[in-house]
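Let me begin by presenting the structure, written as structure tokens, before commenting on it.
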Amino acid sequence: MIHGKPPKLFFAGTDTDVGKTYVASLAARVIHGQGTRLGVYKPVASGCIEKQGKLIAEDAVSLWQAAGEPLTLEHVCPQRFRAPLAPPEAAEQEQKQVDTKLLTEGVKAWEDFDMVIVEGAGGLFSPLADGILNIDLIQQLQATTVLVAANRLGVIHQTLSTCEAAAKRGVHVRGIILCDPTGDADESTHSNSKQIAKYCPVPILGTIPFRGESEDAAFLQSLIPPIANPNADT
């Protein structure tokens with residue numbers, strides 16, 4: 001397991017396409033804007049595109065830019081694959097394997113930073129490598145978990161079941177963020193938060209509207225550890 005500094009904030013989703021990268025990037029912008037030396041880490045990405053002879057993970061680019069472009073994109077996302085499939089399947093299409101050791105070792109590039117935002121791939125129980133799910137990596141990194149869910153019809157079940165399953169695996173979810181990733185809001189968006197809070201002990205940290213700005217994610221300042229926050233009260 002990865003111990004000690006820096007603290008790690010792992011953004012996981014209830015599913016794919018729930019706005020996880022968008023929310024994690026907003027969080028990076030907020031936390032970096034507070035003067036925190038912030039690292040960002042995307043352990044593995046699939047569905048990457050080729051630019052100038054290099055595979056680029058667009059999620060990693062978003063995180064990197066939001067954090068002020070620390071180190072290099074290679075440090076942000078050291079394992080990248082083309083096919084838009086779960087990483088182990090995408091790797092297999094290239095006759096490769098996801099390096100399970102590198103999933104944890106890669107974060108060590110950020111050891112001198114105050115804090116690291118880690119973004120998984122897919123849902124909390126989606127595979128990152130053969131035999132390793134996002135939740136397994138969270139445990140190996142000893143990261144604090146934030147769950148991102150799309151604020152739409154069906155989110156109540158997805159959120160409650162994900163939180164309950166995480167608890168049974170011994171992973172404490174610090175909080176839930178509801179996000180509108182598409183702008184196609186339905187009537188449930190006004191009541192989802194209340195219904196989730198009624199049945200789930202995990203607090204809802206806040207809601208991010210479609211194309212929300214850093215100001216909409218200001219509540220994420222509460223996740224900055226005091227040791228890493230130069231503006232925190234002493």
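Every number here is computed from the coordinates shown, using simple stated rules; none is lab data. If you're wondering where the values come from, they're calculated on a predicted model, not measured in any experiment. Neighbour counts are summed over all protein chains in view; Cβ atoms, including those assigned to glycine, are modelled from backbone coordinates with ideal geometry.
Overview of values
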| read-out | value |
| --- | --- |
| Of Lys5/Lys51; Lys54/Lys101; Lys20/Lys168; Lys5/Lys54; Lys8/Lys198, pairs whose Cα-Cα distance is over 27 Å | Lys5/Lys51; Lys5/Lys54; Lys8/Lys198 |
| Extension gain (nm, one decimal) between Ala167 and Ala218, 0.36 nm per residue minus Cα-Cα | 15.7 nm |
| Sites His157 and Phe210 - FRET efficiency at Förster radius 22 Å, r taken between beta-carbons, to 0.05 | 0.50 |
| Spread of Cα-to-Cα distances over 5 Å intervals beginning at zero, given as percent, for the range 130-234 | 2, 11, 20, 19, 19, 15, 9, 3, 1 |
| Loop-located trypsin sites (Lys or Arg not before Pro) in the range 84-185, at most 16 other Cβ atoms within 10 Å (DSSP) | Lys96, Arg169 |
| Per residue Cα convex hull volume in Å³ - calculated over the range 8-222 | 115 Å³ |
| For the range 13-49 and the range 124-173, distance of Cα centres in Å | 16 Å |
| Dipole magnitude of the range 118-184, debye to nearest 20 (Cβ charges: Lys/Arg +1, Asp/Glu -1, about Cα centre) | 220 debye |
| Three-way shape call for the range 94-133 based on the alpha-carbon gyration tensor, with the a/c threshold at 1.5 | oblate |
| The range 8-222 - share of DSSP beta bridges that are antiparallel (%, nearest 5) | 15 percent |
| Where GluC sites (Glu not before Pro) in DSSP loops with at most 14 other Cβ within 10 Å are excluded, longest remaining stretch of the chain | 112-212 |
| Rg to Rh quotient for the range 42-105, alpha carbon positions, Kirkwood Rh | 0.97 |
| Stretchable slack from Glu94 to Ser188, in nm (0.36 nm times residue separation minus alpha-carbon distance) | 29.7 nm |
| Net charge dipole size for the chain [Lys, Arg +1 and Asp, Glu -1 on Cβ; Debye, nearest 20] | 400 debye |
